[in-house]
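Inspection log for the structure reproduced underneath, given as structure tokens.
The values are calculated or read from the model by the stated rules, or taken from the named source; none is laboratory data. All of these numbers come straight from a predicted model, not from anything done at the bench. When we count neighbours, we look across all protein chains shown, and the Cβ atoms used for this are built from the backbone with ideal geometry, even at glycine.
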Amino acid sequence: MPNSDGPKLKIGVYWAASCGGCDCALLEVNEKILDVAAAADILLWPCAADAKYSDLRDYKNGEMDLVLFNGAMRTEENREIAELIRAKTKYLVAFGSCAHTGGVIGLANLSTREEIFSRVFGDKANWPELEVSQNGGTLHLPEFLNTLTPLDAVVDVDYYVPGCPPPVGIVSDLFGALLEGNLPPTGTVFASSKNLCDECAREQEQLRISQILRPHEQEPDPVKCLLDQGFVCMGPATRGGCKAVCPAANMPCTGCAGPTANIEDQGAAMLNTLASLVGTGEEGEDQLEAEDAILAQLDDVVGTFYRFSSATTLFKGRYHEPNATG
């Protein structure tokens, strides 16, 4: 805990392209939020208190000690504020899946900006204009970027807190380290370096998979490994730290904590794991046909294996168009 006679910490929380669940997760630490409020002045938290960008610009460079930044880079405004906050804070935290790996909204990268606008607004005549004049004033809308990216594609990030939303235990660990003045080396991910399977209580036998199941099709056995039963559980390719809450609730892990420390592409790693488990025991051409038939039961490969990390996949396509930097 910082010296009570010394200056209070100055912290901030910001919300870019995201659903807002990460802001709610901050309150789930219960009474520890009171310790934070007692030890720190919150200079920026648009979700909880009115704040203007002019206030942020008036802070000195490095004036804030730490900012929790949740949300991805989807608009020019997101990028501009990320760069501004980076200048104003000593430590910047990518807080939650969207800031960490792009999150669910990164799936929008499967489409071009024009395709997204056509889907949402219809004919091009209905697309929003970036500059609108009304009642003597001019409204400037932020540009919708070609590609959604995580926070560290735009600015340097000091710490990462994964999860959708981040688990209470991990948020508490971060606050504890902050209040004690004991933050780890920069670059640290506040989560386990091992995969989720290491903290899952289910019985794992690494059985051969003969079918692909989804939870609404069949209720999983609450004791056996979900992957052994044929449910696509992302545990083998996903960081631990959440205490395997989804498998404990009889639901497969969807990978929100991002890849483990030794995995570069989460989806590719999980696909490789699944491929090694698929089979019927047959040999030769019949075996290959049978395995193809099993894998064909996957009706959404990207949404299943890259639900939270499609914005950081190594497989770049036409939808990963570079954003202008000028």
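Worth a mention:
- Close Cβ contacts (under 8 Å, 6 or more residues apart or on different chains) running from residues in segment 246-257 that are under 17 Å from Y306 (Cα atoms) to residues that are in a loop (DSSP other than H, G, I, E, B) and among the aromatic types (F, W, Y) comprise T254/F308; G255/F308; C256/F308.
- Residue in segment 43-51 that is in contact (Cβ under 8 Å) with a residue 40 or more places away in the chain and within 25 Å of F308 (Cα to Cα) present: no
- When restricted to residues that are surrounded by 18 or more Cβ atoms within 10 Å (Cβ to Cβ) and among the β-branched types (V, I, T), segment 65-75 contains 1.
- Among residues of segment 1-30 that are under 17 Å from F69 (Cα atoms), those with a Cβ under 6 angstrom from a residue that is in a loop (DSSP other than H, G, I, E, B) and modelled with pLDDT under 90, sequence gap 6+ or separate chain, pair up as W15/C47; D23/C47.
- Screening N262 with (1) more than 18 Å from T273 (Cα to Cα); (2) exposed (fewer than 14 other Cβ atoms within 10 Å of the Cβ) gives one miss only, at (1).
- Test: A237 is surrounded by 18 or more Cβ atoms within 10 Å (Cβ to Cβ), closer than 16 Å to R307 by Cβ and out of contact with any Cys (no Cβ under 6 Å at 6 or more places or on another chain): yes
- None of R202, R119, R113 is basic (K, R) and more than 22 Å from S18 (Cα to Cα) except R202.
- S133 being at pLDDT 95 or above and either in the same structural domain as A275 (by TED's automatic domain parsing) or more than 21 Å from the chain's Cα centre (by Cα) (or both): no
- Residue match in segment 180-188 (condition: surrounded by 14 or more Cβ atoms within 10 Å (Cβ to Cβ) and either farther than 30 Å from K32 by Cα or more than 17 Å from the chain's Cα centre (by Cα) (or both)): yes
- Test: residue in segment 46-64 that is within 30 Å of C242 (Cα to Cα), surrounded by 16 or more Cβ atoms within 10 Å (Cβ to Cβ) and touching a helix residue (DSSP H, G or I) at 6+ places or on another chain (Cβ under 6 Å): yes
- Pair list, Cβ under 7 Å, 6 or more apart: segment 141-156 residue farther than 17 Å from N70 by Cα, other residue among the hydrophobic types (A, V, I, L, M, F, W, C) and buried (at least 18 other Cβ atoms within 10 Å of the Cβ): L145/M73
- Qualifying residue in segment 118-139 (condition: among the charged types (D, E, K, R), surrounded by 14 or more Cβ atoms within 10 Å (Cβ to Cβ) and more than 30 Å from K8 (Cβ to Cβ)): no
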